[in-house]
Amino acid sequence: MTSKTILSTVLALGLAGSALADGHEPVKVGFVYVGPIGDGGWTYQHDQGRLAVEEEFGDAVETVYQELVPEGADAERVITQMALQGADLIFTTSFGYGPATNAVAARFPDVKFEHATGFMREHPNVSTYDARFYEGRAVTGHIAGNLTETNKIGYIASFPIPEVIQGINSSFLHAQKVNPDVEMVVTWVYTWFDPSKEADAARAMIDQGVDVILQHTDSTAPQSAAEEANANGGRVFTFGQASDMAEFKPTPRVASIIDEWSPYYIERVQAVIDGTWEQTAHWGGMPEGEVVIGEITDAVPAEVKAEAEDMVARITEGEYHPFTGPINRQDGTPWLAEGEVADDATLATMDFYVEGVTGQIPN
Amino acid sequence: MNGIDPALLIAALMVASTPILLAALGEMVVERAGVLNLGVEGMMIVGAVSGFIAAYGAGNAWAGFGAAILAGAALALIFGVLTQGLVSNQVATGLALTLFGLGLASLLGQGWVGLKGPGLGRMDLGPLADLPFLGRAVFRHDLVVYLSLGLVIVLNLFLFRSRAGLVLRSVGENAASAHALGYPVRAIRLAAIGFGGACAGLGGAYLSIVRVPQWSDGMTAGAGWIALAIVVFGAWRPGRVLVGAYLFGGISVLQLNLQAAGAELPIELLSASPYLVTILVLVLISRRRHRGGEAPADLGRPFHASA
């Protein structure tokens with residue numbers, strides 16, 4: 001091969017590359033998943049969002065994804081690989097991908113990055129997006145407070161980050177409103193996805209007399225553990241997390257919080273196609289259709305179901321905020337005065353329990 | 001610490017430890033024969049998915065366990081043919097086996113997510129189950145738990161009290177000498193690898209049929225790697241592998257129970273405790289023995305009868 005042919009090959013490759021940036025080629029969208037698509041929860045829902053993008057844009061987009069990417073150094077490698085393969089927009093769909101996303105973004109200023117549930121936007125080509133899961137937690141907390149007979153509600157917590165703490169506080173506040181004696185049992189498992197550990201955590205809580213389990217982890221294992229307890233004469237209820245988990249209807253799963261990412265994904269891909277993509281810190285909830293309550297089954301008394309649906313309607317209309325005062329912090333100091341509503345900055349960095357939750361948040 | 005029932009805790013511990021124990025016992029035999037198979041995680045998850053599918057299809061948990069044993073052994077024999085027949089690198093082949101197993105399980109498991117398996121009844125041990133405390137703690141399990149404990153005893157007798165076990169160990173200690181004495185080194189290693197795969201498959205199926213019980217993609221979540229570590233810390237002895245597996249499983253369950261019971265302990269420490277305590281205890285019990293003589297001398301070394 002002469003130097004001339006090498007040169008022309010390089011030129012040809014360069015031209016092909018610029019054709020891609022010109023929009024003649026489909027826009028390539030990458031997704032980085034922390035769990036397997038088959039988890040039936042968190043990652044499954046992100047993948048549903050990816051499929052919705054494909055459906056919406058057809059041949060105008062090409063999507064790629066990588067499952068089971070550990071948070072940490074591996075994530076950086078995977079994201080870099082996607083950027084090198086010509087992705088125009090990359091969604092990194094777990095909290096722990098924050099540093100890796102920003103590190104790669106610094107090296108690929110022309111690629112747009114979207115980091116789920118994060119807060120780090122160190123470069124103009126990094127956006128963050130999140131959903132107000134605490135709105136859904138308010139509804140499930142309300143149902144849980146009504147259903148419990150032992151007055152013990154369990155919460156399988158993943159990592160001590162603001163999103164999880166919001167969930168614990170929101171569930172507890174709304175359970176306590178309908179049941180002043182309720183106690184919240186929090187078990188930290190330090191994983192997003194480990195069916196064995198999630199099932200063990202659920203069993204440990206059931207052994208301790210917990211009869212309603214809320215989970216902040218991604219697999220359906222706690223649902224199976226509850227079902228098994230019920231088959232042996234127990235009375236345990238659960239809620240679908242991230243995905244509907246409809247296989248466990250009507251009990252133990254009595255309702256669910258569904259993450260609906262499709263509207264946001266379609267909007268952002270459209271922005272890249274139009275060339276109007278800009279950095280944002282998006283935080284949608286029920287009004288945007290991003291947090292959806294799945295079917296409330298007949299195991300829930302009709303009036304409780306009606307109250308829960310009413311709460312959904314009021315949150316969707318913007319009439320009710322789940323963190324509306326008076327609310328005190330765990331140590332008894334006032335946080336929100338009567339009628340005062342929590343601001344997003346405090347919520348996004350929430351690192352304290354509200355009054356009535358026992359135990360301590362690990363560091 | 002009110003409210004933790006020790007009997008329930010021991011019962012939960014035994015169930016939680018069984019998958020790791022089975023996989024670790026299998027790998028221990030493989031390593032005693034001088035072969036390092038890092039594919040335990042892959043064999044476990046293939047066992048988990050094939051066991052679940054078979055159990056669901058047949059409506060019988062035992063059909064699932066049988067299928068898982070066959071699937072685990074079949075996967076292991078791929079490794080066996082590559083490393084023993086074609087003398088490929090054991091570490092690389094084992095890692096590839098794990099990746100292959102995870103992918104294969106994911107593929108096979110599509111469409112099986114969220115279904116309910118047949119479950120496995122508890123053994124009827126008659127009056128033993130009615131004993132105070134002990135009855136609830138140790139005599140109300142399913143048969144697989146007792147089989148795994150029986151396997152500890154059988155393997156101990158096999159490895160250290162039988163001629164066949166001596167031959168297996170000699171293959172692992174010095175394959176060239178064993179070969180010179182006329183023992184079929186490759187055949188013995190292949191048999192050990194197959195046994196290891198069968199145990200890993202059974203352990204995986206115990207996860208998907210009894211412990212969780214459902215199929216979820218990626219559900220082993222590192223249990224195979226824990227099993228590998230326990231073989232090393234258990235100094236390649238069945239009794240200590242049992243101690244290691246039960247310690248690890250036990251403390252994993254205990255720390256969750258402590259949290260659920262509202263113990264005022266640092267949760268970060270509790271979460272790390274299964275790893276810390278297991279390593280610490282096994283290092284301590286291994287200290288009493290003379291140093292350096294624990295690992296099979298030919299572990300991981302390829303054998304090719306060329307000379």
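Throughout, read-outs are computed from the coordinates displayed, never taken from laboratory work. Just so we're clear, the structure is a prediction, and the values are computed from it rather than from any experiment. Ideal geometry is used to build each Cβ from the backbone, glycine not excepted, and the neighbour counts take in all protein chains shown.
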statement: Everything considered on the Cα gyration tensor (a ≥ b ≥ c; rounded for a/c under 1.5, else prolate if a/b is larger than b/c, else oblate), segment A:45-110 must be described as oblate
- line: Here the FRET efficiency for B:Leu143 versus A:Lys177, based on Cβ atoms and R0 = 56 Å and rounded to 0.05, is 0.70
task: Could you state the angle between the C-alpha long axis of helix B:40-58 and the longest principal axis of the C-alpha atoms of chain B, as a value from 0 to 90 degrees rounded to the nearest 10?
output: 60 degrees
- line: With Cα coordinates, the longest principal axis of chain A makes an angle with the long axis of helix A:262-274, in degrees rounded to 10, of 20 degrees
query: Out of every Cα-Cα pair in segment A:123-173, what percent are more than 12 Å apart?
result: 67 percent
field: chain A: Lys pairs at Cα distance under 30 angstrom, eight or more positions apart or on different chains
entry: 9
query: What distance in nm separates the simple spin-label points at A:Ala302 and B:Ile153, each placed 7 Å from Cα in the Cβ direction?
result: 6.1 nm
message: Given points 7 Å out from each Cα along the Cα-Cβ axis, report the A:Glu295 to B:Leu131 separation in nanometres with one decimal.
response: 4.8 nm
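Would you kindly work out the equivalent ellipsoid of segment A:167-318 from its C-alpha gyration tensor and give its semi-axes, the square roots of five times the eigenvalues, largest first in whole Å?
The answer is 31, 19, 15 Å, longest axis first.
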- request: Write down the radius of gyration of segment A:88-208 and its Dmax, each obtained from C-alpha positions, in Å.
  value: 18.0, 56
- request: Please report the orientation-averaged projected area of segment B:67-129, defined via the convex hull of its C-alpha atoms, in nm².
  value: 7.2 nm²
- request: Percent of Cα-Cα pairs per 20 Å bin, from 0 to the last occupied bin, for the protein assembly as shown, please list those.
  value: 18, 46, 30, 6, 0
- request: Give a residue-ordered list of calculated ³J(HN,Hα) values for segment A:211-222 (Karplus: 6.51 cos²θ - 1.76 cosθ + 1.60, θ = phi - 60°; whole Hz; x for Gly, Pro).
  value: 10, 9, 10, 9, 10, 10, 10, 9, 9, 8, 4, x
- request: For segment B:209-307, just run the numbers: alpha carbon Rg, then divide by 2.2 N^0.38 Å, N being how many residues it has.
  value: 1.39
- line: Counting only backbone N atoms under 16 Å from a point 7 Å out along Cα-to-Cβ of A:Glu122, the residues of segment A:74-105 in range are A:74-77, A:79-80, A:96-105
- request: Using just the alpha carbons, could you tell me how many Å³ per residue the convex hull of chain A encloses?
  value: 147 Å³
- line: Normalised per residue, the volume inside the convex hull of the alpha-carbon atoms of segment B:6-224 in Å³ amounts to 121 Å³
field: segment A:350-355 - phi-based ³J(HN,Hα) in whole Hz, Karplus 6.51/-1.76/1.60, Gly and Pro as x
entry: 3, 9, 9, 7, 7, 4
query: Angle between the Cα long axis of helix B:90-109 and the longest principal axis of chain B, 0 to 90 degrees, nearest 10?
result: 50 degrees
query: Cα-Cα pairs above 21 Å in segment A:250-363: how many percent?
result: 59 percent
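Partner chain Cβ atoms within 10 Å, averaged over the residues of A:217-225 - can you pull that number for me?
Partner Cβ neighbours, averaged per residue: 4.
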field: Helix-only [θ]222 nm of chain A, DSSP H runs n ≥ 4, -39500 (n - 2.57) each, per residue, nearest 500
entry: -13000 deg cm²/dmol
query: Once phi is turned into θ = phi - 60°, what whole-Hz ³J(HN,Hα) does the Karplus curve with 6.51, -1.76 and 1.60 give for every residue of segment B:208-223, x standing for Gly and Pro?
result: 7, 9, 10, 6, 7, x, 5, 9, 10, 4, x, 6, 5, 6, x, 4
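Ignoring the sites themselves, what is the longest stretch of chain B with no trypsin sites (Lys or Arg not before Pro) in a DSSP loop and at most 16 other beta-carbon atoms within 10 Å?
Looking at chain B, B:123-287 is the longest stretch - no exposed trypsin sites (Lys or Arg not before Pro) with at most 16 other Cβ atoms within 10 Å.
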field: Distance between modelled label sites at A:Asp74 and A:Ala337, nm, 7 Å Cα→Cβ extension
entry: 5.1 nm
For residues of B:113-122, the mean tally of beta carbons on other chains within 10 Å: 3
message: More than 25 angstrom separation, counting every C-alpha pair in segment B:121-270; what % is that?
response: 46 percent
- request: Would you please give the FRET efficiency between B:Ile4 and B:Ser177, computed as 1/(1 + (r/R0)^6) with r the Cβ-Cβ distance and R0 = 45 Å, to the nearest 0.05?
  value: 0.30
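Rounded to the nearest 20 Debye, what is the dipole magnitude of segment B:89-216 about its Cα centre when Lys and Arg each give +1 and Asp and Glu each give -1 at the C-beta? The partial results should precede the final answer.
Numbers: 10 positive and 4 negative charges, 26 e Å.
Its charge dipole is roughly 120 debye.
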task: Partner chain Cβ atoms within 10 Å, averaged over the residues of B:267-273 - can you pull that number for me?
output: 4
- prompt: Based on the alpha-carbon gyration tensor of segment A:15-131 and its eigenvalue square roots a ≥ b ≥ c, which shape applies: rounded if a/c is under 1.5, prolate if not and a/b is larger than b/c, or oblate?
  reply: oblate
Percent RCO, i.e. relative contact order, over segment B:6-224, from Cα pairs under 8 Å lying at least 6 residues apart: 44 percent
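On full extension of the chain, what length is gained from A:Glu25 through A:Thr276, given 0.36 nm per residue of separation minus the C-alpha to C-alpha distance? It would help to have the intermediate numbers written out before the result.
Details: separation 251, 0.36 × 251 = 90.36 nm, distance 1.78 nm.
Extending this stretch completely gives an extra 88.6 nm.
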